[in-house]
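Enquirer: This is the structure I have questions about; it appears just below.
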Amino acid sequence: MLRPVALVLLLLAPLRAFAVETLRIAIEDADGDVRVSGKGLAFGADTEDASFTAIPSGQATIRRRGAKLEVNGAPVVGDSVRFRAGAGATDDAGIPGDEPLKAGTAQVRGDVVVRTYRDGLQLINVIPLEDYLAAVLGSEMPVSFPPEALKAQAVAARTYALQKKLEAYSNAFHLGSSVLHQVYGGVNREDPRTRAAVEATRGQVLTYELAPIEAYFHASCGGRTESGLDALQRDLPYLQPVECPCGKLPASRWKATISDAEVKSALRHPAQGLRVSGRTSTRRVTRVTLGDGASMDGVELRRRLGYTRLKSLDFEVERTDHGYVFSGRGYGHGAGLCQWGAKALADGGRGYREILSHYYPGAELQQLY
Ligand SMILES: [Zn+2]
């Protein structure tokens, strides 16, 4: 039998062939022309060992003609073209540029691939994983959180991204724009504190039975995390309910007053008579029964009433004269790492390794590169 570390390395072997671990993120789809600009702009084929040709003006307009592409009016071979800024600054083939690129409406580090997609064009950011993490960390956790909490978040985000990459390994991109547009602010979201947390944990990922785990995280669990099965239909041994110190924080409590008119239009059922008819072992609502006898899934109820109003499924509901008051705890789905809990643990002197093993019991921290 292979030892765990050996097998993880085997699993990630294709990734390790390159000098730098990269991620491919779909950042934008475009109907018309696309503009890419940057200092020392160059273009080449979309491969790890491509050679790049300088564009002295530093600006490129990419136009689709049928199934072909043109760069500044000149046809190029293939259905995709890769751009890099800072050409000539490095001799290392395969390492995406460090100089920021402007592509469509985004400003990003790394390379940008423009490819034909459906009837138009698609922009994909090819970015070193560690740079990506430095950019997303500030969008996912307040940068004012203690360093050990930021490090725990960095490892969780790295693990999550690598797991998605393995899942979508042969696809044109690994992470889609729908989720990423919200969290991936590109270079504008970097901060020295997020950079430090990413560098301090460089190459570290959580694994279970030889593979990167599905490292879900959320803002606040309200006192007890939820199982992966109940929160996300992911029945995984390292996503089990654990106690969490965030429950003691006043900020984890919320209230939402919702009128009968709003309930009726959101649920498309009579407003009166709504009651909770099912809960998970951590008390989160799985089912509500409506006045006309119909019933609705808790997740669907939260979606319809709004994720920011019904911040979690851990709530009580009370009838008022013209509607309901929902009183709850926590913010988010509740599975995996609780960010406010990680902050509380770090404030209490716990290190990021302890924080991670608290929220992902049984997962192992491994140094992959
Ligand atoms: Zn918590």
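Enquirer: Being more than 16 Å from the ligand (Cβ to nearest atom) and out of contact with any Leu (no Cβ under 7 Å at 6 or more places or on another chain) is the filter here, so list the residues in the range 318-347 that pass it.
Expert: Result: 318, 319, 320, 321, 322, 323, 325, 327.
Enquirer: Something else: List, please: which pairs have Cβ atoms under 7 Å, are six or more places apart or on different chains, and start with a residue in the range 240-267 that is of a type in the set (Val, Ile, Thr) and end with one that is open to solvent by less than 80 Å² (accessible area, probe 1.4 Å) and within 16 Å of the ligand (Cβ to nearest atom)?
Expert: The qualifying pairs are 242/225; 242/358; 242/359; 242/361.
Enquirer: Say whether the condition of being within 13 Å of the ligand (Cβ to nearest atom) and closer than 30 Å to residue 210 by Cα is met by at least one residue in the range 253-260.
Expert: Scanning the range 253-260, I find no residue that is within 13 Å of the ligand (Cβ to nearest atom) and closer than 30 Å to residue 210 by Cα, so the answer is no.
Enquirer: Would you list the strands (runs of 3 or more DSSP E) that sit entirely within the range 284-369 and hold 3 or more residues that are open to solvent by less than 20 Å² (accessible area, probe 1.4 Å) and modelled with pLDDT of 95 or more?
Expert: By residue number, 323-329.
Enquirer: Continuing with the same structure: Quickly run through the range 23-54 and pick out the residues that are at pLDDT 95 or above and among the polar types (S, T, N, Q).
Expert: 37 - this is the single residue of the range 23-54 that is at pLDDT 95 or above and among the polar types (S, T, N, Q).
Enquirer: So, one more: Out of the range 237-247, which residues are away from the ligand (no atom under 16 Å from the Cβ) and either farther than 15 Å from residue 357 by Cβ or open to solvent by less than 20 Å² (accessible area, probe 1.4 Å) (or both)?
Expert: Matches in the range 237-247: 238 only.
Enquirer: Let me ask something else. Would you confirm whether or not the range 263-279 contains a residue that is assigned to a helix (DSSP H, G or I) and loosely packed, with under 14 Cβ neighbours inside 10 Å?
Expert: Yes.
Enquirer: Can you go through 57, 144 and tell me which one is assigned to a loop (DSSP other than H, G, I, E, B), more than 26 Å from residue 202 (Cβ to Cβ), modelled with pLDDT of 90 or more and of a type outside the set (Lys, Arg)?
Expert: On inspection, the qualifying residue turns out to be 57.
Enquirer: Next question, about the same structure. Inspect all residues belonging to the range 78-96 and state whether any of them is farther than 24 Å from residue 174 by Cβ, in contact with a strand residue (DSSP E or B) (Cβ under 9 Å, 6 or more places away or on another chain), assigned to a loop (DSSP other than H, G, I, E, B) and modelled with pLDDT under 90.
Expert: Looking through the range 78-96, at least one residue is farther than 24 Å from residue 174 by Cβ, in contact with a strand residue (DSSP E or B) (Cβ under 9 Å, 6 or more places away or on another chain), assigned to a loop (DSSP other than H, G, I, E, B) and modelled with pLDDT under 90.
Enquirer: Then there's this: Go through (1) surrounded by 19 or more Cβ atoms within 10 Å (Cβ to Cβ); (2) at pLDDT below 95; (3) basic (Lys, Arg) one by one and return the number of the condition residue 224 breaks.
Expert: Single failed check for residue 224: (2).
Enquirer: Regarding the range 335-352, can at least one residue be identified that is among the hydroxyl-bearing types (Ser, Thr, Tyr) and over 30 Å from residue 211 (Cα atoms)?
Expert: For the range 335-352, residues among the hydroxyl-bearing types (Ser, Thr, Tyr) and over 30 Å from residue 211 (Cα atoms): absent.
The values are calculated or read from the model by the stated rules, or taken from the named source; none is laboratory data. In this text the structure is predicted, and so the values were computed from the model without any measurement. No Cβ is skipped: glycine too gets one built from the backbone with ideal geometry, and neighbour counts run over all protein chains shown. For the accessible areas, the whole protein counts, side chains as well, though only heavy atoms, and no ligand, DNA or RNA atoms are used. Shrake-Rupley method; radii C 1.70, N 1.55, O 1.52, S 1.80 Å.
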